[in-house]
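Asks: The structure that follows is given in the form of structure tokens.
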Amino acid sequence: MLWATLGAATLVSLIALEIAARRLGIPGPITLQAREAIFAPKSGFLLYAGMALTMVVLTRRQRLIAVGTALGIDAAVFVVRWAIGATATDGHPFGNGALWVVLGVAVIAVTRRTGRERVLLLKGVALGLLLVAGRKTGDTWLLITAKTRPTVLDPYLAVADHALGNPSWLVGRIVRATGPVGAHVLDYVYVQLAVAAVVVALYQLRHVAAERRFPRHHLVRTFLVIGLLGPGIYMIFPVVGPIFAYGPGAFGTGGLHWATANIWPETAPPIAAPYAMPFDGITPRNCMPSLHTAWATAIFIHTRNGPRVLRFAGTFWLIATLGATLGFGYHYGVDLIAGVVFTLTIEAALRSQARGWDRSGIRLVAYGAAVFVALLLSYRYLPMEMARLPWVYGPLLILAMISVIYGYVRTTRLWEPKAVPAPQAAPQPELV
């Protein structure tokens, strides 16, 4: 019933988003995904990552068949495109085969399987398609934010960021000083965040094929809920980021015409009364909270119980993502604090739902939500006070985030199953 309800809710949301996008004259998520069944996909890696998630429910032999089929379809499609001169200029020349394999598993589940086996296969298909649909939904949401929010609140965050010492300006100068090598490494980490999440999820779901069931909680659930709720906050608190509001744009073009000044990252903005500034209808309002920080935090959390190499990778991905979000001017420091609190609150709610709600779970989720709302309100209505008293509000922001982290760690440790010591045999008397 839970999976059926989630499936129905997802379908309704996709249809509603498709209708809203069409009214704004932009393609919706269903249209974008349907096109990738034939045309060159935007990200072939993402489609193969979705297929990998679907294959957790398949046996080893079935996985080999699925991979071979996907590669064969991609090869055939590539030859056809080459023959008719339809080269992939906007996207990847592969990935269609992965999408067809996932859809094929769904057809087999409906027509050739019954009972629990059918449900398991359909869960695998849903997992793969939700990853891809989440990306398409996010792309559509970003376009909607640009079309429906003509003004942005960047001056409020830029002023509030003085309480933290303007970290985006500082890290931006550091990244520029590292040259192209550092920038390329951070850019790769930033762009391939979804692939890193799939690697962690595959480790968590490695026993699904053998046990014929999914674990109660895993990374994909957290990723999807973050992607579902985050864009709603974008609509409430529209922000484009320092590189657009105070710089030349992400790639040296665009944004400068609408920016208040071209001062990022050399000169921090002055402390002045903030205002809602108009901006273009193209740049996404996708800064508050920082979802890249949120997703990287989720990866970090879910790698804590893995092997050492996975723990190191999770730590590296979090640190590099924080460096990229600030160093490329995509986010303010206050965005990152909100993103961490946002993730911990969602993770606590999902873990509570998986294990059964109790007082500790309700208290943790309520506290995290209250801190997140308090952060948004302070950014909006107290930025001048935060900038004028950075030695007061800066530590308060950090302490607010640390308090949620501490509450999460302390509560979830109590949820961990306790190891029961093995019974020891009582000493027996010996014959002398």
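The values are calculated or read from the model by the stated rules, or taken from the named source; none is laboratory data. Here the structure is a predicted model, which is why all the values come from computation and not from measurement. Ideal geometry is used to build each Cβ from the backbone, glycine not excepted, and the neighbour counts take in all protein chains shown. These area figures cover heavy atoms from the full protein model, side chains too; ligands, DNA and RNA do not enter into them. Shrake-Rupley method; radii C 1.70, N 1.55, O 1.52, S 1.80 Å.
Asks: Could you list all residues from the range 370-399 that are more than 20 Å from residue 274 (Cβ to Cβ) and surrounded by fewer than 17 Cβ atoms within 10 Å (Cβ to Cβ)?
Replies: Step one: list which residues in the range 370-399 are more than 20 Å from residue 274 (Cβ to Cβ), which gives 370-372, 391, 395, 398-399.
Passing the criteria: 370, 391, 395, 398, 399.
Asks: Name, by its number, the condition in (1) among the hydrophobic types (A, V, I, L, M, F, W, C); (2) out of contact with any helix residue (DSSP H, G or I) (no Cβ under 7 Å at 6 or more places or on another chain); (3) surrounded by 23 or more Cβ atoms within 10 Å (Cβ to Cβ); (4) part of a loop (DSSP other than H, G, I, E, B) that does not hold for residue 263.
Replies: If we test residue 263 against (1) among the hydrophobic types (A, V, I, L, M, F, W, C); (2) out of contact with any helix residue (DSSP H, G or I) (no Cβ under 7 Å at 6 or more places or on another chain); (3) surrounded by 23 or more Cβ atoms within 10 Å (Cβ to Cβ); (4) part of a loop (DSSP other than H, G, I, E, B), just (3) comes out false.
Asks: On to the next question. Mind listing just one residue for me: the one in the range 344-367 that is more than 15 Å from residue 226 (Cα to Cα) and of a type in the set (S, T, N, Q) and, of those, least open to solvent (accessible area, probe 1.4 Å)?
Replies: Residues of the range 344-367 that are more than 15 Å from residue 226 (Cα to Cα), as a first pass: 352-364, 366-367.
Filter once more, so that each one left must be of a type in the set (S, T, N, Q): 352-353, 360.
Working: 352: 0, 353: 78, 360: 28 Å².
Going through the qualifying residues, I end up with 352.
Asks: Any chance you could count how many residues in the range 70-105 are farther than 30 Å from residue 212 by Cβ and in contact with a Ser or Thr (Cβ under 8 Å, 6 or more places away or on another chain)?
Replies: 4
Asks: Among the numbered criteria (1) touching a helix residue (DSSP H, G or I) at 6+ places or on another chain (Cβ under 9 Å); (2) under 23 Å from residue 215 (Cα atoms); (3) open to solvent by 10 Å² or more (accessible area, probe 1.4 Å), which one does residue 67 miss?
Replies: (2)
Asks: Among the residues of the range 28-36, is there at least one that is more than 16 Å from residue 134 (Cα to Cα) and modelled with pLDDT of 80 or more? Explain how you work it out, then say what you get.
Replies: Filtering the range 28-36 down to residues more than 16 Å from residue 134 (Cα to Cα) leaves none.
So far as the range 28-36 goes, no, none of its residues is more than 16 Å from residue 134 (Cα to Cα) and modelled with pLDDT of 80 or more.
Asks: Here's something else I'd like to know. Could you check the range 173-224 and list, in sequence order, the residues that are closer than 24 Å to residue 139 by Cβ, more than 16 Å from the chain's Cα centre (by Cα) and part of a loop (DSSP other than H, G, I, E, B)?
Replies: Within the range 173-224, no residue meets the criteria.
Asks: Being surrounded by fewer than 13 Cβ atoms within 10 Å (Cβ to Cβ), over 28 Å from residue 228 (Cα atoms) and either in contact with an Asp or Glu (Cβ under 8 Å, 6 or more places away or on another chain) or of a type in the set (Lys, Arg) (or both) narrows it down to one residue among 81, 113, 60; which is it?
Replies: Details: 81 fails: surrounded by fewer than 13 Cβ atoms within 10 Å (Cβ to Cβ); 113 fails: surrounded by fewer than 13 Cβ atoms within 10 Å (Cβ to Cβ).
Every option except 60 fails the conditions.
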